[in-house]
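One structure is given below, encoded as structure tokens.
The values are calculated or read from the model by the stated rules, or taken from the named source; none is laboratory data. Worth saying up front: this structure is predicted, and the values here are computed from it rather than measured. Cβ: placed from backbone, ideal geometry, glycine included. Neighbour counts: every protein chain shown. Keep in mind that these areas ignore ligands, DNA and RNA; they rest on the heavy atoms of the full protein, side chains included. Shrake-Rupley method; radii C 1.70, N 1.55, O 1.52, S 1.80 Å.
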Amino acid sequence: MAKLTKKQKEAAAKIEKNKLYSLKDASALIKEVASAKFDESVDIAVKLGVDPRKANQMVRGVVSLPHGTGKDVRVLALVTPDKEAEAKAAGADHVGLDDYLQKIKDGWTDVDVIITMPAVMGKLGPLGRILGPRGLMPNPKTGTVTMEVGKAVEEVKSGKIDFKVDKTGIVHAGIGKVSFDAQKIQENAHEIIQTLIKLKPTAAKGTYIKSIHISATMSPAIALDPKAV
């Protein structure tokens, strides 16, 4: 096990062992324990009482964070020529079609989100083995396959994120930066937690929200009381 640095030990000492914090207190504490010289990302991990192997217990969705993620999201719009101006006006970083399809085929994936149109999805199919593992394959359920390209680009740029429960039953998501004030971190976290609650599968039995932790990039995780969020 790696030894903790002096700063990491000091940060860990500020978090009470076995204590479950309220979302408000945890959002303030995460700013205190962050000690890196860069603006650390704040992440949330929610353990759900579901079996992701069963289709009727899969949890996947989108949420628009009230204060964004603090990250400059790089968007590629794979669209036909008649939609290029709309995508560019909305702020897409890369806009085009065949040239970018070839770049992806050659291994280029230097973007965070790809937005496209239903008519283009057929061309993306063969690139699934490249885009799928990186979480870049557009999906109608997350709003990244749409005719409203401009609106989709604007939403992603302003803080709309998609999430999916992993094979261990945990949903991970970035909810801001340490430089955010505590209330913004709290409100972003509250938004995604409430969204997850609304998405509870009817087939899920027992406790649904099993645990919640928030952490910064270089800092220890803080356990939340699921009943106090």
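Which one of these is modelled with pLDDT under 95, surrounded by 15 or more Cβ atoms within 10 Å (Cβ to Cβ) and of a type outside the set (Ser, Thr, Tyr): VAL63, VAL79, VAL50, VAL75?
Numbers: VAL79 fails: modelled with pLDDT under 95; VAL50 fails: modelled with pLDDT under 95; VAL75 fails: modelled with pLDDT under 95.
VAL63 is the lone residue from the list that is modelled with pLDDT under 95, surrounded by 15 or more Cβ atoms within 10 Å (Cβ to Cβ) and of a type outside the set (Ser, Thr, Tyr).
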>> Can you tell me which condition MET58 does not meet? The list is (1) outside the structural domain of THR142 (by the TED database); (2) free of Cβ contacts under 8 Å to residues at least 24 places away in the same chain; (3) of a type in the set (A, V, I, L, M, F, W, C), and all the others hold.
In response: (2)
> Looking at this structure, is LYS24 open to solvent by 40 Å² or more (accessible area, probe 1.4 Å), touching a helix residue (DSSP H, G or I) at 6+ places or on another chain (Cβ under 6 Å) and farther than 26 Å from ASP166 by Cα?
Replying inline: yes
>> Need the failing condition index for ALA89 against (1) touching a residue at least 60 places away in the same chain (Cβ under 8 Å); (2) in contact with a Ser or Thr (Cβ under 9 Å, 6 or more places away or on another chain); (3) of a type in the set (A, V, I, L, M, F, W, C); (4) surrounded by fewer than 17 Cβ atoms within 10 Å (Cβ to Cβ), just the number.
In response: (2)
>> Whether any residue in region 97-111 is over 23 Å from the mean Cα position of the chain (by Cα), over 30 Å from ILE197 (Cα atoms) and of a type in the set (A, V, I, L, M) is what I want to check.
In response: yes
